[in-house]
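Here is the structure we will look at.
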Amino acid sequence: MQEKTVYNFNAGPATLPKAVMLKAQEEFVNYRGCGYGIVEESHRAAPFEEIIQAAEANIRKLMGISADYDVLFLQGGASLQFAMVPMNLMVPGKKIAFCDTGEWAHKAMKEAKILGAGINLVYDGAKEKYSCIGDVSSWQFDQNDAYAHICSNNTIYGTAYNQYPDTGALPLIADMSSDIMSKVVDVNRFALIFAGAQKNMGPSGVTLVIMRKGLAERCPETVPTMLRFSTHIKAQSLYNTPSTFSIYMVRLVTDWMLEQGGVPAIQKLNETKAAKLYAAIDESGFFRGTCAKADRSKMNVCFRIGEGNEELEKKFVSESKAAGMIGLKGHRAVGGLRASIYNAMPMAGIDALVAFMKAFAAKNG
Ligand SMILES: *Cc1c(COP(=O)(O)O)cnc(C)c1O
């Protein structure tokens, strides 16, 4: 048994609650007295049915999802949703509105283009190097488009919407992979929300889709069975073998979230965690946040040393690792440093990082 505490600031797969990891360990070989592990169980058997239903019920409760929405557990990651969403929801002759706030938004846009959809670029963050989102109330949406796509939290650049754009009657689709269930969100504003589990909900291998009922009927006849939302709605996510272990873990993580007091309590904690870390950056005179303050993500904190001192940043990454903090290197697309502080990152992890940053700045400033 490893006693050493390592704080994991990786962007995803990411840290999970210690209590959940211990529970999964305890149940792994003998799931709740049944004499074998849940990974060995049929996805059609009663023990797994209870798990997938409980996971869905937890998510509905945590996010306040009404009966007007279906909740699906799919595979292929958020990246498959970049294609699956337009496959199912694009409309011949209509464009798709995209708000390009970074890597994951334009990857989604690329898939829509491959499928032949016209793009209506409502917001182009490239000009500002994706360092901000700005005033979404000034964005113009064309009500004749098929739908609008946003990425709610930009994992790589470290920005997040603090307010969602008003798209009128245009169905709003959101990639919430890196901030799902980190703050209270009114699901009713969205036609479809998707999120890979591996940032805030569990391990990799399962993707959550929350979708307004009726929307799936838009799907053209030519889309293969596995890629149709309607297939998975009808089969309640059991059309084929799902990632049973990942869904089991999502159930445990969402149990844990409810025990913490649900999303409002977690949001409050996330706000405190992020405020502490950004204050340490802003007050240092050594580190520098890379994003507009108003648009800073509370999940992925991106920063640099000075104007981008790569040598010192490298030193920061290796010394922090030696001090028991991993995953602080920025994404290869942007460089610098990044601390991903999802729901499961305890306050003690933030405190350890802040203390390390202070000592590092004092030594190297
Ligand atoms: C990680 C991430 C993705 C990619 O997820 P996969 O499950 O690896 O396909 C997409 N969007 C956002 C916002 C992400 O953070």
Taking the Cα centre of the range 11-77 as origin, sum charge times position over the Cβ atoms of Lys and Arg (+1) and Asp and Glu (-1), and report the length of that vector in debye to the nearest 20.
240 debye
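Roughly to the nearest percent, how much of the accessible area of the range 262-364 is carbon and sulfur, given a 1.4 Å probe? Could the numbers behind the result be given before it?
Values: 2530 of 4610 Å².
Within the range 262-364, the accessible surface is 55 percent carbon and sulfur.
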Given a cut-off of under 8 Å on Cα pairs at least six residues apart, what relative contact order in percent is computed for the chain?
23 percent
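Give, in nm to one decimal, the length gained when the segment between residue 40 and residue 332 is fully stretched (0.36 nm per residue of separation minus the Cα-Cα distance).
Full extension of this stretch gives 101.4 nm more.
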Can you tell me the length gained on complete extension of the stretch residue 226 to residue 279, counting 0.36 nm per residue apart and subtracting the Cα distance?
14.4 nm
With a probe of 1.4 Å, find how much accessible area the chain has per residue, and write the answer as a whole number in Å².
44 Å²
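For the range 1-99, what does the convex hull of the Cα positions come to per residue, in cubic angstrom? Walk me through the numbers on the way to the answer.
Details: hull volume 18.6 nm³, N = 99.
Taking the convex hull of the Cα positions in the range 1-99, it is 188 Å³ per residue.
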Extend 7 Å from the Cα of residue 310 along its Cα-to-C-beta direction; within the range 318-358, residues with backbone N under 19 Å of that point are 318-319, 328-338
Length gain on complete extension for the stretch residue 293 to residue 347, per 0.36 nm per residue less the alpha carbon to alpha carbon distance?
17.3 nm
Once all protein chains are kept in place, residue 166 shows an accessible area at probe 1.4 Å, nearest 10 Å², of 120 Å²
Order 104, 256, most accessible first, counting only protein heavy atoms with a 1.4 angstrom probe.
104, 256
Given 20 Å bins starting at zero, what is the percent of C-alpha pairs of the chain in each, up to the one with the largest pair distance?
29, 56, 15, 0
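The values are calculated or read from the model by the stated rules, or taken from the named source; none is laboratory data. Owing to the predicted nature of the structure, the values given are computational and were not obtained by experimental measurement. Heads up, the Cβs are rebuilt from the backbone with ideal geometry, glycines too, and the neighbour counts pull from every protein chain shown. Each accessible area value is taken on the protein alone, full model and side chains, heavy atoms only, with ligands, DNA and RNA left out. Shrake-Rupley method; radii C 1.70, N 1.55, O 1.52, S 1.80 Å.
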